[in-house]
1. At a 10 Å Cβ-Cβ cut-off, how would you order LYS3, LYS49, fewest neighbours first?
2. Using +1 at the C-beta of Lys and Arg and -1 at the C-beta of Asp and Glu, which of VAL131, GLY213, PRO198 has the Cα lying farthest in the positive direction of the dipole of the chain?
3. Using a Gaussian network for the chain with springs between C-alpha atoms less than 10 Å apart, which of these wobbles most: LYS201, LYS13, LYS102?
4. At 7 Å along Cα-to-Cβ for each site, give me the label-to-label distance between GLU44 and ARG285 in nm.
5. How many lysine pairs are close in the chain, with Cα atoms under 27 Å apart and the two 8 or more places apart or on different chains?
6. So, in Å, what gap is there between the alpha-carbon centers of the range 156-224 and the range 17-70?
7. When percent of Cα pairs over 27 Å apart is calculated directly from the model, which label among [x] 51; [y] 44; [z] 55 fits?
8. Could you check the spin-label model distance between ARG111 and PHE80? Points 7 Å from the Cα along Cα→Cβ, value in nm.
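Each reported figure results from applying straightforward, stated rules to the coordinates on display, with no laboratory input. None of the values given here were measured: they were computed from a predicted structure. Note that we place each Cβ from the backbone using ideal geometry, even for glycine, and neighbour counts take in every protein chain shown.
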Amino acid sequence: MKKSRIIVESIIKGFFLGCALVAVLSVVLITLFIFIKGVPLFVEVSPLKFLFSTRWEPTNEESPGFGIFSFIIGSFYVTFLALLIGVPIGLACAIFLAEFAKGKFAVMLRRVVELLAGIPSVVYGLFGVIVICSLVRETFGGTGFSVLSGAIILAIMILPTIINISEISIRSVPEEYREGSFAMGATHWQTITKVLLPASKSGILAAIILGTGRAIGETMAVLMVAGNAPIMPGWITSKVRTLTMNIVTDMSYASGNHMVALFTTGIILFFFIMLLNITIYIITRKSRIRNA
């Protein structure tokens, strides 16, 4: 009996190890594939020119242009504005759920947030085209397909990430912190702003960074509402094309160096995501060391 149990446990352990190795191998293979396909572009195009030129004319046979600077700036514009809109709303909702919402209403609100996370991005895009773009057009002028429209849609899409992780971080603060603050005569709001939020800042920062990663990597919804114009955005009402939009837009007809340039764009996105993941690791590691 003991021997059979050891064999079963070994099989289960091996299965779990195999699953973990599949995940690691998938990341390694995807990374190698992107780099093998994308790096050869730098044989013909300078990395600095690729990153800092705004001329994107890959189909020009006489003088093709492979500059993605306008797409990088467009990605940062849309993402930064989405965070500017979504972070205060998401953090306020997380505070409400963690400290004020009670009973069935709190349960219902959490279910709504979970439902928001499960809506397909194309549905967000349809909502953006009909509602958000119309509001932006009537309020600010232009076509409505703009940086602002893309940012509003992204702000809605990153809310579940920010709300869920921030709420968990706030609720995980030891009860002694609250009791000590109240014992010192602080109000509930003072306790939240002076004690709970500083104590949970690492989790909140991680939520914001994960939301940033979601915003940078989103394609379909932004593609439908942001205008998809390969130009440098000048204002929030300008049309814009992000890095992910550029890959999706050109992939169906690209060939030769044009196709290679799209994989190189994927490398740039890969570095952005890796930078965000490293930032999250540093933040959480410092939090663990501080709490140890």
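1. Working: LYS3 7, LYS49 14.
Least crowded to most crowded, the residues run LYS3, LYS49.
2. PRO198
3. For the chain, modelled as a Gaussian network with Cα springs under 10 Å, the answer is LYS13.
4. My value for the distance between the label points is 4.0 nm.
5. Details: LYS2/LYS13; LYS3/LYS13; LYS37/LYS49; LYS49/LYS239; LYS102/LYS194; LYS102/LYS201; LYS194/LYS286; LYS201/LYS286.
The result is 8.
6. 35 Å
7. Among [x] 51; [y] 44; [z] 55, the one calculated here is [z].
8. Going by the 7 Å Cα→Cβ label model, 4.1 nm.
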